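All remarks here apply to the structure that follows.
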Amino acid sequence: MKRFGIRKTLAPDHPRRQSHLLGDDWEAFEWYEDERDRDAALKEMQREHLYSRRGDVPRLVLERVDR
């Protein structure tokens, strides 16, 4: 079983928090075999991506989780 994960939730001001879209309680998880892989994936998710517009910031709240 993979023990190290990343929990994704929507930022408080995210437009998809509306009840007819994803809602306030939406969350998703990605799980990894070890902390090193998880931390590398988290760093990648937090960076400005190649096709982002200048000034765009990630709209997901990302946090490390263990089980």
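The values are calculated or read from the model by the stated rules, or taken from the named source; none is laboratory data. Just so you know, these numbers come straight off a predicted model, no measurement behind them. Heads up, the Cβs are rebuilt from the backbone with ideal geometry, glycines too, and the neighbour counts pull from every protein chain shown. Heavy atoms of the whole protein, side chains included, go into the accessibility calculation; ligands, DNA and RNA do not. Shrake-Rupley method; radii C 1.70, N 1.55, O 1.52, S 1.80 Å.
Summary table
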quantity: Contacts under 7 angstrom Cβ, first residue in the stretch 6-26 being among the basic types (Lys, Arg), partner open to solvent by 90 Å² or more (accessible area, probe 1.4 Å), 6 or more apart; calculated: Arg17/Asp24
quantity: Cross-chain or 6+ apart pairs with Cβ under 9 Å, the stretch 34-62 first and free of Cβ contacts under 8 Å to residues at least 60 places away in the same chain, then surrounded by fewer than 10 Cβ atoms within 10 Å (Cβ to Cβ) and among the hydrophobic types (A, V, I, L, M, F, W, C); calculated: Glu48/Val57
quantity: Looking only at the stretch 40-67, and only at residues there that are among the basic types (Lys, Arg) and at pLDDT below 90, the one that is farthest from Glu30 (Cα to Cα); calculated: Arg54
